[in-house]
Amino acid sequence: MIGLIRELGAQVTTGVEGLGRVARFGGHLLSSIPRPPSRFGFFVRALFDAGVLSVALICLSGFTVGMVLGLQLYTTLTRFGAEEGLGAVVGLSLVRELGPVLTGLLVTGRAGSAITAEIGAMKSTEQLDGLRMMAIDPMHFVALPRALALTIAMPLLNGLFIVFAIAGAYGVGVWRQGLDGGVYISGLEDAVLFGDDVGQSLLKSLVFGLLLGLIATFKGHSCAPDAAGVARATTSTVVTASVCILLADYVITALWST
Amino acid sequence: MQNHATRDLIVGLFVLVGLATLAYLSLQVGGIEFGAEKRIELAATFDDIGGLSVRAPVRIGGVKIGQVSDISLDAESRPKVTLAVDASVAISNDSSAAIRTAGLLGDQFISVELGAEDDVLADGDSFTYTESAFSIDKLVGRLVHDAGVSD
């Protein structure tokens, strides 16, 4: 019994300690933004790795998600004779929820894991220590450009995802099922508002990008410096970031609607 | 060096395309308006607004000219609807506002039927003539009642 309680206490302490380490890491990351020299070239490279290389995945996923939405919703809406509502339902669900969340999860798998693995490998081969030896802060040199790139790339990829999904649903709804294109688009434009929907979508994707950037770089920096440690850290990034994104999604939605 | 230039170009393109999609979502789909066109507010009091909701469109002969900006009760506790309407549209004094339904079960909107007077409604004016929402419930109720009476 006492042992169990002790175990619980140890778990809580480790958890709080981990949280504190993440916070300190985040603070360090934030405070190194204005510090010269500017690593703009590294930022561009990280944006290429995290953003550009995810474009194909995001566009394809968005398009297929849109096609499935169009097919599923159209058949359901037909039962109520409300096919005209397709644009509104597709637009609202995509802009508010599916766009930011699915983009967040996809980018986590595509780019977040890669960043953790890269930083983890650098750590296990003592490259980070090498940088410190040359008086270069690895936080500023390695982690910051990647975290920033994820934060910037997420809203852009979110926009791409939503536009491609809208196109996918248009393709199925209009060409396959025979809904009028104008009805679909005007329903979409009437239902989606900038303040309520697009604003929420942007905020969500920014927060998700920030979370993923923080988690991915932190896990890389704090991984055990061996092959198994890198593998664990990469898995842990995907799991932690996915859960955090889903939780943050609920919190933002709840706060937004009050 | 050549390689860097290509990569930078691709990243720049990526950012531009991403921003373009966000702009499309904000401006076209989201309908954000810069320096919003001038609107005037008109009031209309109804007996029954049915399922009319804020942001429902206001139309003249099917053409959208504005939207419902507020729904409240006036001093006599009758439903009062505030319409934000494009200022460039001249709506004569004796026009009437009717709550109509798009299709049988569709969304409700306000249809403005123009009158013949030369004087037009200005910001803050009210419609003199209004027509309440058509309610299927009431219609069925009356039918049932009438059927009962005729027996």
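Yes or no, residue by residue, for (1) within 19 Å of the chain's Cα centre (by Cα); (2) modelled with pLDDT of 90 or more; (3) under 23 Å from B:ALA5 (Cα atoms):
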position: A:GLY27; (1), (2), (3): no, no, no
position: A:SER32; (1), (2), (3): no, no, no
position: A:PRO36; (1), (2), (3): no, no, no
position: A:VAL44; (1), (2), (3): yes, no, yes
position: A:LEU57; (1), (2), (3): yes, yes, no
position: A:PHE63; (1), (2), (3): yes, yes, no
position: A:LEU69; (1), (2), (3): no, yes, no
position: A:ALA82; (1), (2), (3): no, no, no
Exercise. What's the number of the condition A:PHE48 fails, among (1) over 22 Å from the mean Cα position of the chain (by Cα); (2) surrounded by 11 or more Cβ atoms within 10 Å (Cβ to Cβ)?
Worked result: (1)
For this session: Look at A:GLY168 and say whether it is surrounded by 24 or more Cβ atoms within 10 Å (Cβ to Cβ), more than 8 Å from chain B (Cβ to nearest Cβ) and modelled with pLDDT of 85 or more.
Result: yes
Seminar exercise, completed: Cβ pairs under 8 Å, 6+ apart or interchain, first in region A:182-208 and over 18 Å from A:ALA254 (Cβ atoms), second among the polar types (S, T, N, Q), ordered by first then second residue, are A:GLU189/B:GLN28; A:PHE194/B:SER26; A:VAL198/B:SER26
Exercise. With (1) surrounded by 22 or more Cβ atoms within 10 Å (Cβ to Cβ); (2) free of Cβ contacts under 8 Å to residues at least 40 places away in the same chain as the list, and A:THR217 as the residue in question, which single condition is left unmet?
Worked result: (2)
Exercise. Take the residues of region A:126-151 that are in contact (Cβ under 8 Å) with a residue 12 or more places away in the chain and surrounded by fewer than 19 Cβ atoms within 10 Å (Cβ to Cβ): which is farthest from A:PHE208 (Cα to Cα)?
Worked result: A:GLU126
For this session: From the list B:VAL112, B:VAL68, B:VAL54, B:VAL29, pick out the single residue that is within 14 Å of chain A (Cβ to nearest Cβ) and modelled with pLDDT of 85 or more.
Result: B:VAL68
For this session: Enumerate the helices (runs of 4 or more DSSP H) found wholly within region A:31-109, keeping only those where 3 or more residues are in contact (Cβ under 8 Å) with a residue 40 or more places away in the chain and among the hydroxyl-bearing types (Ser, Thr, Tyr).
Result: A:55-79
For this session: Report, by residue number, each residue of region B:105-135 that is hydrophobic (A, V, I, L, M, F, W, C) and without any contact (Cβ under 8 Å) to a residue 12 or more places away in the chain.
Result: B:LEU105
Exercise. Considering region B:1-16 alone, what residues qualify as being at the interface with another protein chain (Cβ under 7 Å from one of its Cβ atoms), within 40 Å of the chain's Cα centre (by Cα) and among the aliphatic types (A, V, I, L, M)?
Worked result: B:VAL15
Exercise. Being assigned to a strand (DSSP E or B) and hydroxyl-bearing (Ser, Thr, Tyr), is that true of even one residue in region B:80-91?
Worked result: yes
For this session: For region A:204-220, state whether one or more residues are within 14 Å of chain B (Cβ to nearest Cβ) and touching an Asp or Glu at 6+ places or on another chain (Cβ under 7 Å).
Result: yes
Exercise. In region A:221-249, what residues are more than 17 Å from the chain's Cα centre (by Cα) and in a helix (DSSP H, G or I)?
Worked result: A:HIS221, A:ALA227, A:ALA228, A:GLY229, A:VAL230, A:ALA231, A:ARG232, A:ALA233
Exercise. What single numbered condition from (1) surrounded by fewer than 16 Cβ atoms within 10 Å (Cβ to Cβ); (2) modelled with pLDDT under 90; (3) closer than 22 Å to A:VAL65 by Cα fails to hold for A:GLY229?
Worked result: (3)
Exercise. What do you reckon, is A:GLY41 within 14 Å of another protein chain (Cβ to nearest Cβ), surrounded by fewer than 20 Cβ atoms within 10 Å (Cβ to Cβ) and farther than 16 Å from A:GLY159 by Cβ?
Worked result: yes
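The values are calculated or read from the model by the stated rules, or taken from the named source; none is laboratory data. Here the structure is a predicted model, which means the values were calculated and not measured. Neighbour counts run over all protein chains shown; Cβ positions are idealised from the backbone, glycine included.
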